[in-house]
Each structure stands twice: as C-alpha cells, then as structure tokens.
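So the structure is just underneath, and the comments pick up after that.
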C-alpha cells in the first residue's frame, strides 16, 4: 500500500536556477585600501624611509664576553661617512710612502753627499719600483729578464747580509730587510745605465764599458757608504764591504751591456 506525500513547491526569489544565483552572489575579493595614484605612475608601491633617523636609532650596546659592554652601531649614512674621513689613505695602509721613496732616491743621485738619515727606516716599495724600472728598460732593449733580475736582487741581498755578519761577528746589527732595501735603492745608477744604453749604438764597445764602469763605481760607493753608516763596526771593514758591493753591481751591469 503506497502513501502519497505532499511536497511543497520550491520558490526562488530571483526566479532563476540555484546554480546561477550562487554564481551571482559570489564576489571577487577586494584588495586593501590604497590611495589613488596619478595617471602614468608605476603600479609597484615604493616605501620611503629616512636614512638619518635610521642611523641615529640603530646605535645600541651589547654585553661583552667578559662582563663588559660593547657599543655597536649599524648605520647607513652618517657613521660610515665619518669613518671614511678618519681612515688613512690607501698608499699609507699598504706601506707605500711616495715622499719617503723620493727622498731616498734623491739621496742616491749625489754619490759624494749621500744622506744616510733617510735610509734608517728601510722599506721595500722603493726597491720594487726600481726593479720594475730596470726590467722595463731591459724590455725596451729586447731583453726579457724579469726573473733573472729578481733572482739576482734576492741573491745579492743575502750575499751582502752574510758578508757583513761574517765580518762583524756578534756585533753585527744589519738584518736582511735592511740589506734588501739598501741594495735596491743603490740599484738606481744601474737603472740609469740601462736607460742611457738604449741610445748608445751596439758597435761602441769601449764606450759602453767605460760608461758601465762609471755607473758601477757610483752604485758601489752609494751602497758601501749606506752599509757602513747604518751598521755598527762597518768602518773597520769598509774595503771588504765595498768589494762585495762592487761584485754585486758588476753583475747587474753585465746584464745591461750584453
């Protein structure tokens, strides 16, 4: 036996189907409120900030590992500019002093009046400059001798160091760094010889030898005077020190001549 149930009719307010009604009732999500932009401006928002206020507010103190306090500041503008002004020049940080190099080089130019006081503080920036100048002039002459000249400079410095300390014994106070500086600065006459030899013809053999001998004596006198004046007890062995310097700069002059 079946029973009939009465179902009330479903009435839609809009008179359409439920699927269409739900679609119409859905709304697209709205973006947060943004101020209106002028026409032609970029769509990407730009956040501005004040550098000065950030630098002033970024200073703080931190606890140190041993109970103290460490002041730390991270700034983008004011602190960094002040630190750059307080820093030393780049050449001074690298240990290169052009005024000192010029005074030492100028003291070698006069072989009869060499100023020994400017050579008390030894450095290697000036000898490296003279070494590169000698290699450049040799390169202009068609001789690639960068490694040979550098090796001879090192061997000559060690040779002079050993000779002096063997003569002075326990009283020797000339270190290897000072020997390298003196040998390098006294290389200036050989550098001048290398530059002058570019204008001397190859056929003038005797003239080249006489010119080389004059420059070798110049370099020998300069180096021996500096070693004797800066080292203790050098006056007693001036002749042997001069002979060692003469051998050193004779080898360099042979590179220039041949």
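The values are calculated or read from the model by the stated rules, or taken from the named source; none is laboratory data. Being a predicted model, the structure only gives us computed values, none of them experimental. All Cβ positions, even for glycine, are placed from backbone atoms using ideal geometry, and neighbour counts span all protein chains on display.
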Count of residues meeting criterion [more than 21 Å from residue 135 (Cα to Cα), assigned to a helix (DSSP H, G or I) and in contact with a helix residue (DSSP H, G or I) (Cβ under 7 Å, 6 or more places away or on another chain)] in the stretch 161-182: 6
Somewhere in the stretch 203-215, is a residue buried (at least 22 other Cβ atoms within 10 Å of the Cβ) and either within 17 Å of residue 114 (Cα to Cα) or within 30 Å of the chain's Cα centre (by Cα) (or both)? yes
So if I check each of 144, 158, which one is modelled with pLDDT of 90 or more and not in a helix (DSSP H, G or I)? 144
Hey, does the stretch 104-111 have a residue that's touching a helix residue (DSSP H, G or I) at 6+ places or on another chain (Cβ under 9 Å), under 20 Å from residue 190 (Cβ atoms), at pLDDT 90 or above and not in a helix (DSSP H, G or I)? no
I'm told residue 240 meets every condition in (1) surrounded by fewer than 23 Cβ atoms within 10 Å (Cβ to Cβ); (2) without any contact (Cβ under 8 Å) to a residue 40 or more places away in the chain; (3) in a helix (DSSP H, G or I) except one. Can you identify the failing condition by its number? (2)
Kindly indicate whether residue 252 is at pLDDT 95 or above and assigned to a helix (DSSP H, G or I). yes
In the stretch 225-237, which residue that is assigned to a helix (DSSP H, G or I), in contact with a helix residue (DSSP H, G or I) (Cβ under 7 Å, 6 or more places away or on another chain) and surrounded by fewer than 23 Cβ atoms within 10 Å (Cβ to Cβ) is modelled with the lowest pLDDT? 235
Taking the options 163, 200, 148, 196, name whichever one is out of contact with any strand residue (DSSP E or B) (no Cβ under 7 Å at 6 or more places or on another chain) and buried (at least 19 other Cβ atoms within 10 Å of the Cβ). 163
Within the bounds of the stretch 109-117, is there any residue that is within 24 Å of the chain's Cα centre (by Cα) and surrounded by 14 or more Cβ atoms within 10 Å (Cβ to Cβ)? no
Among (1) over 21 Å from residue 130 (Cβ atoms); (2) buried (at least 18 other Cβ atoms within 10 Å of the Cβ), which single condition is residue 186 missing? (1)
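Only one of 68, 95, 77, 64 is modelled with pLDDT under 90 and under 22 Å from the mean Cα position of the chain (by Cα); which?
95
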Can you go through 128, 114 and tell me which one is touching a helix residue (DSSP H, G or I) at 6+ places or on another chain (Cβ under 6 Å), in contact (Cβ under 8 Å) with a residue 40 or more places away in the chain and either more than 22 Å from residue 91 (Cβ to Cβ) or part of a helix (DSSP H, G or I) (or both)? 114
